[in-house]
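The next block holds one structure in the form of structure tokens; read it before the comments.
The values are calculated or read from the model by the stated rules, or taken from the named source; none is laboratory data. Predicted, not measured: the structure shown is a model, and the values here were computed from it. Note: ideal-geometry Cβ built from the backbone for every residue, glycine included; neighbour counts use all protein chains shown.
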Amino acid sequence: MTVVALAGRRVDGPDAPARFPAANVGLVRERLARKLADVGARTLVASAAAGADLLALRLMEDRSRIVVLPFDRARFEASSVADRPGSWVDDFRATIATATVEIVAGRFADDDAAYAATTEQILRRAIELGGADGTVGVVVWEGAARHDSVDYTAMFGRRARELGLRVEEVSTLP
């Protein structure tokens, strides 16, 4: 059985470039379910943003889940969950009520530094649990790095490879 470290796109906001359209949530959920089964996932380490994170965490409800947040639950919910339409807030609250939640320790100059530290903590925690040979990185995205801001999904995939993990991808597009 495998430990999965996962990062991926949030569902697109209004007027955003198509990275993870809300219309694709069902398709991505199916792809994620197959990928988690294919890799033999027994433990999932991820954050809990509206989109790929919460879809995977909900799929793993009957297994071990560690949620890594960059700051307190209320602030994270407001900044990374509640700003997307749908049942994401309910999913977030249900997930954090039943999963192990870890908040990244430290003082950060800004949110970018906090999110980068969260990316590192997800990978570090997964490797602690599964070792490099027993951990798989899963990246859920459209396959292209953003150029308009820091791309934590691309950063996650790059760091996972640097740490020697096998990396699997799940597409958010048809």
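Observations
- F20 being of a type in the set (F, W, Y), in contact with an Asp or Glu (Cβ under 8 Å, 6 or more places away or on another chain) and part of a loop (DSSP other than H, G, I, E, B): yes
- For region 37-52, filtering for residues that are outside any strand (DSSP E or B) and within 28 Å of D72 (Cβ to Cβ) leaves 5.
- Every condition in (1) more than 10 Å from the chain's Cα centre (by Cα); (2) closer than 26 Å to H147 by Cα; (3) charged (D, E, K, R) holds for E61 except the one numbered (2).
- Candidates are the residues of region 15-70 that are β-branched (V, I, T) and touching a Leu at 6+ places or on another chain (Cβ under 8 Å); the one that is farthest from V3 (Cα to Cα) is V25.
- Test for I96: is it assigned to a helix (DSSP H, G or I), more than 13 Å from the chain's Cα centre (by Cα) and either exposed (fewer than 14 other Cβ atoms within 10 Å of the Cβ) or of a type in the set (A, V, I, L, M) (or both): yes
- If you go through region 1-16 and keep only what is surrounded by fewer than 20 Cβ atoms within 10 Å (Cβ to Cβ), touching a residue at least 40 places away in the same chain (Cβ under 8 Å) and more than 24 Å from D133 (Cα to Cα), you end up with just G13.
- Inter-residue pairs, beta-carbon under 7 Å, first over 17 Å from R73 (Cβ atoms) and modelled with pLDDT of 95 or more and in region 100-119, second charged (D, E, K, R) and part of a helix (DSSP H, G or I), 6+ apart: T119/R159
- For region 40-82, the candidate set comprises residues that are out of contact with any strand residue (DSSP E or B) (no Cβ under 9 Å at 6 or more places or on another chain) and among the acidic types (D, E); within that set, the residue that is surrounded by the fewest Cβ atoms within 10 Å (Cβ to Cβ) is D62.
- Residue list for region 123-168, restricted to those being crowded, with 16+ Cβ neighbours inside 10 Å, in contact with a strand residue (DSSP E or B) (Cβ under 8 Å, 6 or more places away or on another chain), closer than 16 Å to A52 by Cα and not aliphatic (A, V, I, L, M): G137, W141, E142, Y152, T153, F156, G157, E168
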